[in-house]
């Protein structure tokens, strides 16, 4: 088990509070792979001022979380923000289908190294999760949460123990530094060879995408709920299987070879949080708009927070130079 991220949520933003928070996160660096600060939704601060607050290349900042109407009115400002530094993240809350075409218009404006740091959250409200880009500080007091990489622990039957250990770390930080601990987002999320795709294929005894894959993802989600209960953690955020294509070696290969196509991934989104996550797609505004309508419809039936990251690209493989990942373009047929 590795602690993937410790994310601190700041409901009130000022330079003094930000400096104190950064100092605390530097003390916690040895406990986690990533340290992050999340800002509240719809913050009223000019983009240039937000970028000036970016004091550290080590810390990731989720500063800009907007409703879709504000994204529509501030597209160029959001792009300037994402261009400002490689550790700045942003999201849009899509809870009104009348803005789908505007979101699609924005997506095709992004370069790949910007697009992976921007997510679409289809939900009724902003989401408190340590996962970026979607996680915002939709909280009343300064607090923090944890996410994990524990795919191998889960595969070996040690998932609940991994959650228990992470929970102990969270409680230790809360007691030592007097900051409220919200809990863990227990989503099963991959990192390269620690592959969720491998788990799905081995459990279903078939390659992605095949009949029974949806059933296995459903079963894993049930396991996540059971493990969270056994470990006695407070589950927050998405709390489901995550399938970021560029971050999972098996998923990357299946998309690259064409056995896992676009609407296979759309099918998977019915039983997991992000079937369309970190995947390349042709920068076609009209097509992306239609696709987002389908995904919006699925979320309204599923009634769970639903995160989307699309990487607009014409090439079959795009290199994300600042994080060393490759993104395959998904085939539509």
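This table checks each residue for (1) within 19 Å of residue 33 (Cα to Cα); (2) in a loop (DSSP other than H, G, I, E, B); (3) modelled with pLDDT of 95 or more; (4) touching a helix residue (DSSP H, G or I) at 6+ places or on another chain (Cβ under 6 Å).
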| position | (1), (2), (3), (4) |
| --- | --- |
| 152 | yes, no, yes, no |
| 162 | yes, no, yes, yes |
| 183 | yes, no, yes, no |
| 189 | yes, yes, yes, no |
| 197 | no, no, yes, yes |
| 202 | no, no, yes, no |
field: Matching helices (runs of 4 or more DSSP H) fully within the stretch 237-333 where at least 2 residues are under 18 Å from residue 214 (Cα atoms), at pLDDT below 95 and in contact with a strand residue (DSSP E or B) (Cβ under 9 Å, 6 or more places away or on another chain)
entry: 262-268, 285-302
message: Looking at 98, 60, 91, can you tell me which residue is out of contact with any strand residue (DSSP E or B) (no Cβ under 6 Å at 6 or more places or on another chain) and at pLDDT 95 or above?
response: 98
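Condition check ((1) in contact (Cβ under 8 Å) with a residue 24 or more places away in the chain; (2) assigned to a helix (DSSP H, G or I); (3) exposed (fewer than 14 other Cβ atoms within 10 Å of the Cβ)) across all residues:
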{"residue": "19", "(1), (2), (3)": "yes, yes, yes"}
{"residue": "37", "(1), (2), (3)": "yes, no, no"}
{"residue": "43", "(1), (2), (3)": "yes, no, no"}
{"residue": "55", "(1), (2), (3)": "yes, no, yes"}
message: Quick check on the stretch 127-148. Is at least one of its residues assigned to a helix (DSSP H, G or I), buried (at least 23 other Cβ atoms within 10 Å of the Cβ), touching a residue at least 12 places away in the same chain (Cβ under 8 Å) and in contact with a helix residue (DSSP H, G or I) (Cβ under 8 Å, 6 or more places away or on another chain)?
response: no
query: Of the residues 51, 79, 107, 120, which single one is more than 17 Å from residue 135 (Cα to Cα), surrounded by 15 or more Cβ atoms within 10 Å (Cβ to Cβ) and touching a residue at least 40 places away in the same chain (Cβ under 8 Å)?
result: 107
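The values are calculated or read from the model by the stated rules, or taken from the named source; none is laboratory data. Computed from a predicted model, the values in this text were never measured in an experiment. Every residue, glycine as well, gets a Cβ built from its backbone with ideal geometry; the counts of neighbours run over all protein chains shown.
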